[in-house]
Every structure is written in structure tokens, then in C-alpha cells.
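Student: One structure coming up, written as C-alpha cells, with questions to follow.
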Amino acid sequence: MSDTAVLQKSSGANSLVIRSAIVASIGGLIFGFDTAVISGTTTSLERVFNLSSSGLGFTVAIATIGTIVGAMFSGQLADKYGRHKMLFIIGSFYIIGALGTALAPESATGHNLFMLFRFLGGIGVGMSSVCAPIYTAEIAPPSQRGRLVGLVQLNIVIGILLAYLSNYIIRQIVSEENAWRWMLGVMAFPAVIFLLLLLTVPETPRWLMAHGRENDAVAISRKLCRTQEESDGQVAEIRAQIQADINAKATKVPFFTKRYRKVILMAFAIAMFNQLSGVNAILYYAPVVMQQAGASDNASYLMSVAVGFMNLVATMTALTVIDRIGRRSLMIVGSIGYLISLGFLTIIMFFYEGRYDSTSSVLVLVGLLCFIAAHAFGQGSVIWVFISEIFPNRVRGRGQSFGSLTHWTFAAITTYAFPPVLDILGGGVGFAIFFCFMCAQLFWVLKVMPETKGVPLEEMETKLGLDK
């Protein structure tokens, strides 16, 4: 039985819903691939473009700046031009970014072009982080929405694993001089497939109805739902949501007010701590870290594949228990895992400093595997669920955007700063800095973070004391 058939049987969704959700999730897969693929090219980029450690940091971080830009504006563009059209634009950005960085000349001008195309690819990632979940949520009937939206997050993690695996394979079959170009360019292939598959799926009924195309919306809803009754319920829900949006716009509620200060600070804190754990720095520079710890070039890339596989396994495990043991419980387990793994890595990097060998590289790999498992089981699975739950409906969209902006801003900071820290202060100091921030996160989780498991969204405002 195919994966699609298994998913269809387990979710009760029809084939068009499944196909649409899978196609949208491919955008997430490319998102994850783009996030991690740069890790295999950093050493070559330093050589080809004669970069300092800070220059390398900025070259890698420019994509996260593009991500911030894409995330800021993609929601408005999706509302104006459609979710389906935006997915096409995202696929185009992926192709342009992949081919542009892969073909950049080896010169100062070439480096500027590389930065430009990496920035454009980052815009695609930022857009995808907003548009792919929106499209899936709106295309799925209510009874299958949560499970199908989860495909996007799962495919991001799969994309990270595939990027590490792709980098390792390319290093085995392509000369070292050109391997970095193939690592970056290969992303164009899934992006082209993504664009072709988009031709087989529809626009969302909600966007069509919001733009006066009710007949088209009803026709697509009938195809997406299993029964006439389910379709009628979906259409009625869409009408109610559109009316609520109209009412909300008529009575615009200020966001940065004393009433919402508590949840704004919660969203800021969890998004900030997510990146101050060092996760993006490690995903971007995993081979460099393991090479510094004593691993050979080929071994470091194979070790990165192990990190990506652990990320996938821990994410899948967390998604099966998040609604049973709760968000705060996962964060406590993840925070303790952070402290154990980062403390271990700090000790190893200091102990072996100046005399790294195969033993130290294996120990560092063990630490990184524990770290990525702690992240995927805790922060990685909780952050977006928590942020989407704590804000009242009338400001939820702005709250989600605020959390996303905070996340990507700190991602850019840590991505830029990590190479100079490694170069000037060493890996031990780098991991010690992340360890200190995770001590602060554990304190925040224990003293501030509420449990939101099982609380209806309509009651969340009262639970958090926002209605006083």
C-alpha cells in the first residue's frame, strides 16, 4: 500500500486533499533542505571568495535576513493574490536561489551575486514558512486539519536530513573544486517538481470565497470533502470566519498594549530561546564543528547525516506525545536535555582543545546527537504550537508574525556570530554561551511558561489572565 493510501486510510481524507497537502508540504521539505544544505559548502565558500570568519557568517546569515523579509510580507501577498499563486512564486524563488548561488563566478562580484541569490532563496524560505501551513489548513476539512498541517513541519525535518545526505553523496562523486556548486544547485530539481505538482492542485475555497468567487469555492469544497454535509459545513465555517475577519477589521484592536504584554513577552521569550540554544548555528555549521573536533572531511559530512536522522526521529516522537504529556512538559525535558548535551560538548571542546583526534570527534558527535534530540523533542515541536495558542483570536495573526519575526531575527544573529566565536574563542566558549542561555530557558519554563494542553482557544484568554 502506498504512503498516500496509508495516510488517506488513517485520516479519512480524499485523494485531492491528500495530494494538495503533500504538494504543499514539499514546499516545507525544500525549506528544510535550503536551511541545512549550506552546511556542506562553508569551507569551500571561505576558499573561493577569500572570506574571513565574520564574512562567512554574514554570507550564511544573509539567507535568514531574506527569510525575515519573506515572512513579513508573504501573508499580505497571499491574502491579495492567493495562496496557490504564492506557492508558485515560492517555488520560483527556490529555483532562482539554487541556480544563482551554484553558478556565481569566483570573484568579488561573484560573491555579491552569491549573496543576492542566497538572499532571494531566503525570501522563498520565509514565504514558505507562512504560506505552506496556511494553504494546507485552508484546503483540509476540519476533521483532518491538524494531522495534515503537521506534514509541513515533518517535511522540514526530512528536508534537513536529505540536505545532509545529499551533501555527503555529492562529496563522494564530484570533485572537491565543484562539489559546493552541486550541493547548492541540486535544490532546483525538487523545486521544479514542486512547481509541476502545483498544477494538479486547486486554490483554497476560503481565499476564493473571500474574493467573491463563491461558486468556484463551493465547487472545490465539494471535491475536497467526502460528503455534501461536510462540504456544507466547511462553506458555512468559511463564511463565519470571513465575517469575523470583517468585524475584526472594523474594530481594529491595538497589539502592543498592556493587556497583551504577558503573551507578547512569552512569544518573544520562547522564540528567542529557540535560537539562543544554538540550533541553527549547529545545523548550518555541523561539518565545521566536527572537523574542528578532529573528524576528517568525509567523516564530518557522514556525521551530519546522523544528526539529521536523529532530528527526524525525535521530531516524530514528539509529535506523537505533544497532546498527551503537554507543551510545558516537553519543554522541561528538552531544556534538561539541552543542559546535559551542551555541558558535555563544552567540557569535551575545552578538554581536547589543541589536540583533537578521532575520539574527540566521536564524543562531539554523541553530544550533538543528544543536543538535536533535546531540541526536536522540546523547542522544535513546541514553539509554533505554543505561539499559535496563547494569543486571543483578534490578535492571533499579529502574534504569530511577531513570534516568527523574533525567531528569524535571532537566527540571523546566531548564524552570523557563530563562525567568529569558533575562530576567535573556540568551540568550548561557543557551547558554553549556549549553555548559559539554556539555563535561563529552564528557569523561564519552570517559573513563567503555562501549560496550554487541552485548553480550548476560546478559554485561553481567561486561563492566562488577559481578560482582567
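Rule-based calculations on the coordinates, nothing more; no lab input. These numbers come from a predicted model, not from an experiment. Here the Cβ positions follow ideal geometry from the backbone for every residue, glycine too, while neighbour counts run over all protein chains shown.
Student: Ratio to report: Rg/Rh of the range 97-234, with Cα atoms as the point set and Rh obtained by the Kirkwood method; give two decimals.
Tutor: Rg divided by Rh gives 1.11.
Student: Take Ile340, project a point 7 Å from its Cα along the Cβ direction, then tell me which residues of the range 413-453 have their backbone nitrogen under 14 Å from it.
Tutor: Inside the label zone: nothing.
Student: May I pose another question? When 1/r is averaged over all different Cα pairs and the result inverted, which Kirkwood radius in Å belongs to the range 13-201?
Tutor: Taking the inverse mean of 1/r over all distinct Cα pairs, the range 13-201 comes out at 16.7 Å.
Student: Determine which residues of the range 292-316 fall in the zone a paramagnetic label at Ser53 would reach in this model, i.e. backbone nitrogen under 15 Å from the point 7 Å along Cα→Cβ.
Tutor: Residues 292-293 fall inside that zone.
Student: If you don't mind, there's one more thing I want to ask. Over the range 296-432, what relative contact order in percent results from Cα pairs under 8 Å that are six or more residues apart?
Tutor: In percent, rounded to a whole number, it is 34.
Student: Could you work out Rg/(2.2 N^0.38 Å) for the range 158-293, with Rg from alpha carbons only?
Tutor: In units of the 2.2 N^0.38 Å rule of thumb, it is 1.67.
Student: What's the tally of Lys pairs in the chain whose alpha-carbon atoms lie under 14 angstrom apart, where the two lysines are 8 or more places apart or on different chains?
Tutor: For the chain, qualifying lysine pairs total 5.
Student: If you don't mind, another one. Rg to Rh ratio, the range 221-270, alpha-carbon atoms and Kirkwood radius?
Tutor: Radius of gyration relative to Kirkwood radius: 1.26.
Student: Binning every alpha carbon pair distance of the range 255-468 at 5 Å from zero, what are the percents per bin?
Tutor: Pair shares across the bins are 1, 7, 15, 18, 19, 14, 10, 7, 5, 3, 1, 0.
Student: A follow-up question, please. Two decimals, Cα atoms only, Kirkwood Rh: what is Rg/Rh over the range 300-348?
Tutor: Across the range 300-348, the Cα-based Rg/Rh ratio is 1.06.
Student: What are the principal axis extents of the Cα atoms in the chain, in Å, biggest first?
Tutor: The Cα atoms of the chain stretch 68, 49, 45 Å along the principal axes, largest first.
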